[in-house]
């Protein structure tokens, strides 16, 4: 906890006053985290306990997705998530606007941290597909229940494949192929590309917009859907 | 799976999308609002759109709903 306290201290100096009327419990959290000395240390301990419980609860909720992560390994991930969430909460305390209870706001950080850690841990050593090869498209068609008998659906997939080649930048293609075609988690792609969930999602979003427009232009989507 | 399902799965929906950072910053408010019976998808439509399009944020949203439900029970 000592190194955690140091990380927290570096990020919470000169915090401005709160902006909105708060419930008593949320106010107590903010006052404690903005205090000094022993009062602040106690508030940080309480926050760490709260976020560790949240991380464990979330890891338990997702256990069916990652059954191979268990025991000490899982608890270690939860502790790392709680540590990082405490640092994030204290660094972003100014961003808490009082629109929710403080604990709800803080829970979100624990959930985010544990979800990223679980996904990355589960993917360790995995290879991210980088090409929209025939196997990818065959699997996609099979998953969607598309056969050659469903001519329009098969046409749509063929048109999409052309559009990916012709409309997307190399980065957009890389992200779209991994996330949309091969179901690789955005957090995993972000880790592999030294990026963030938000930045990778933006690349995916721009790629989808380009593809929708192209498919609409070529008559494969109606305009309302493409917009 | 219909063509519409397939298109939505691959291309997402086409409404205004708040993105991951903005959605994260409003998530606590969104969840508490929903659990108190407010129509948050109408109040924050770009957040709702993002939760439909981003599986990672959607899973986080579901986790937060569950945690708050348990805390409030």
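Taking A:58, A:113, A:25 as the candidate residues, the one with maximal mean-square fluctuation in a Gaussian network model of chain A, Cα springs under 10 Å, is A:25. Per-peptide packing, taken as the mean over residues of other Cβ atoms within 10 Å, places A:118-126, A:204-212, A:169-177 in the sequence A:204-212, A:169-177, A:118-126 from highest down. Helix A:102-123 axis versus longest C-alpha principal axis of chain A: approximately 50°, rounded to the nearest ten. Averaged over residues, the count of other Cβ atoms within 10 Å places the peptides B:64-71, B:39-46, A:185-192, A:32-39 in the sequence A:185-192, B:64-71, B:39-46, A:32-39, highest first. Taking the helices alone, chain A has a mean residue ellipticity at 222 nm of -22000 deg cm²/dmol, built from -39,500 (n - 2.57) per DSSP H run of at least 4 residues and averaged over all its residues.
For chain A, relative contact order (Cα pairs under 8 Å, six or more residues apart, normalised by length) works out to 18 percent.
Peptide A:57-67 has a mean of 2 when you count, residue by residue, the C-beta atoms of other protein chains within 10 Å of its C-beta. Seen against the Cα atoms of chain A and their longest principal axis, helix A:134-143 is set at about 80 degrees. The mean number of partner chain beta-carbon atoms within 10 angstrom of a residue's beta-carbon across peptide A:182-195 is 1. Comparing mean-square fluctuations of A:50, A:77, A:157 from a GNM of chain A with C-alpha springs under 10 Å, the top value falls on A:157. Take chain B, connect every pair of alpha-carbon atoms lying under 10 Å apart with a spring to form a Gaussian network, then pick out the residue of B:35, B:51, B:11 with the largest mean-square fluctuation. Fluctuation is largest for B:11. With respect to chain A, whose longest principal axis is taken over its alpha-carbon atoms, helix A:24-33 is tilted by about 80°. Legend: mean number of C-beta atoms from other chains within 10 angstrom of residue C-beta atoms, peptide A:110-120, equals 3.
Each value in this text was obtained by applying a stated rule to the coordinates, not by laboratory testing. It should be emphasised that the depicted structure is a prediction, and the values quoted were computed from it without experimental measurement. Here the Cβ is made from the backbone with ideal geometry for all residues, glycine too, and neighbour counts use every protein chain on show.
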